[in-house]
Amino acid sequence: MFYSIHRYKRITSTNNVAKSLAEEGAPEGTVVIAESQSEGRGRLGRIWVSPPRDGLYLSIVLKPAIPIAEMWQIGYVAAVAVAEAINEISELDARVKWPNDIIVNGRKVAGILVEVDNCGGTHEPAVIIGIGININMKEFPEDVADKATSLAIECSKEFDVDNMESCLLSSMHKWYSIYQDEGFDPIFNRLLELDCVIGQQVTIQTPNGVVTGKAISINKDGNLIVQSEDGQEIAIFAGDTILQD
Ligand code: BTN
């Protein structure tokens, strides 16, 4: 996969622009990078704060030859790639909090937004992988101040955003190539090594309500399996995980 990089100073959201390009027929490997976003989006309808120079905000258009129903797997490819890129650049121990938050010392340092676009049936379906990495932020808005962190906060030094970008793009290239050549198994195995949820008491906010219990595994369909207090095992496909202390 070769990257074709589109750079912007300020746009609404790199995912929005990547989606439009995909709908116009942009090839796999199209990357949209912005210095800042006015409407950066997170999962579950949240805002992704995107101040200039403090973070990396990019979206990658991928067109894997798999059914749309399996495209969620690409979110895990990205989670592994982002965690490894952060660890390479910072020597931190970034981990994946199911489904694809990247956590350092219990706080979120990066997030991944996976959006599938069937391109109106006129082009092949695309999966847009939006990645936000908190790099040089020193503080966060009040509502996320106790949950978010940045590489600068964790390492007490600033990082070069361009360096993070090239490290991330090569990590994505590596893991997406592995996925294409060998399928989901190596991604899944690496994900389990990087996971920080299994064995923990968790509260999961799912689209169907709140589930509390012990996270016991992640299955190959991408579900987190939570054992509730009455011993029932619940498979969760989407949600937001809160680790209990
Ligand atoms: C999450 O909620 O954890 C996902 C956050 C994803 C943020 C990135 S920043 C680049 C891309 N553009 C967006 O609007 N969102 C993603």
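Could you identify the single residue in Asn134, Asn105 that is farther than 19 Å from Thr14 by Cβ, in contact (Cβ under 8 Å) with a residue 12 or more places away in the chain and of a type in the set (S, T, N, Q)?
Asn105
Quick check: is even one residue across the stretch 51-73 more than 12 Å from the ligand (Cβ to nearest atom), in contact with a strand residue (DSSP E or B) (Cβ under 8 Å, 6 or more places away or on another chain), small (Gly, Ala, Ser) and in a strand (DSSP E or B)?
no
Please identify the pairs in which a residue from the stretch 190-207 that is farther than 13 Å from Ile225 by Cβ and in contact (Cβ under 8 Å) with a residue 40 or more places away in the chain has its Cβ atom under 6 Å from the Cβ atom of a residue that is among the β-branched types (Val, Ile, Thr) and not in a strand (DSSP E or B), counting only partners at least 6 apart or on another chain.
Here the result reads Arg190/Val80; Leu191/Val80, each pair linking the stretch 190-207 to a residue that is among the β-branched types (Val, Ile, Thr) and not in a strand (DSSP E or B).
Surrounded by fewer than 19 Cβ atoms within 10 Å (Cβ to Cβ), among the small types (Gly, Ala, Ser) and either at negative phi or more than 7 Å from the ligand (Cβ to nearest atom) (or both): is that true of Gly29 in this structure?
Working: surrounded by fewer than 19 Cβ atoms within 10 Å (Cβ to Cβ): yes; among the small types (Gly, Ala, Ser): yes; either at negative phi or more than 7 Å from the ligand (Cβ to nearest atom) (or both): yes.
Against the criterion (surrounded by fewer than 19 Cβ atoms within 10 Å (Cβ to Cβ), among the small types (Gly, Ala, Ser) and either at negative phi or more than 7 Å from the ligand (Cβ to nearest atom) (or both)), Gly29 qualifies.
Has the stretch 140-150 got at least one residue that is assigned to a strand (DSSP E or B), modelled with pLDDT of 95 or more and either within 16 Å of the ligand (Cβ to nearest atom) or more than 10 Å from the chain's Cα centre (by Cα) (or both)? Outline the logic, then answer.
In the first step, residues of the stretch 140-150 are kept if they are assigned to a strand (DSSP E or B); the result is 148.
Imposing the further condition that a residue be modelled with pLDDT of 95 or more reduces the set to 148.
From what's left, either within 16 Å of the ligand (Cβ to nearest atom) or more than 10 Å from the chain's Cα centre (by Cα) (or both): 148.
Looking for residues that are assigned to a strand (DSSP E or B), modelled with pLDDT of 95 or more and either within 16 Å of the ligand (Cβ to nearest atom) or more than 10 Å from the chain's Cα centre (by Cα) (or both), one finds at least one in the stretch 140-150, hence yes.
For Ser36, indicate whether it is within 13 Å of the ligand (Cβ to nearest atom), closer than 29 Å to Thr206 by Cα, polar (S, T, N, Q) and part of a strand (DSSP E or B).
No.
One residue is enough: does the stretch 32-40 have a residue meeting the conditions out of contact with any Ser or Thr (no Cβ under 7 Å at 6 or more places or on another chain) and buried (at least 19 other Cβ atoms within 10 Å of the Cβ)? Break it down into steps so the answer makes sense when it comes.
As a first pass, look at the stretch 32-40 and keep what is out of contact with any Ser or Thr (no Cβ under 7 Å at 6 or more places or on another chain): 35.
Subset that is buried (at least 19 other Cβ atoms within 10 Å of the Cβ): none.
No, every residue in the stretch 32-40 fails to be out of contact with any Ser or Thr (no Cβ under 7 Å at 6 or more places or on another chain) and buried (at least 19 other Cβ atoms within 10 Å of the Cβ).
The values are calculated or read from the model by the stated rules, or taken from the named source; none is laboratory data. Only a predicted model underlies this, so the values are computations on that prediction, with no experimental measurement involved. As a convention, Cβ positions derive from the backbone with ideal geometry for all residues, glycine included, and neighbour counts pool all protein chains shown.
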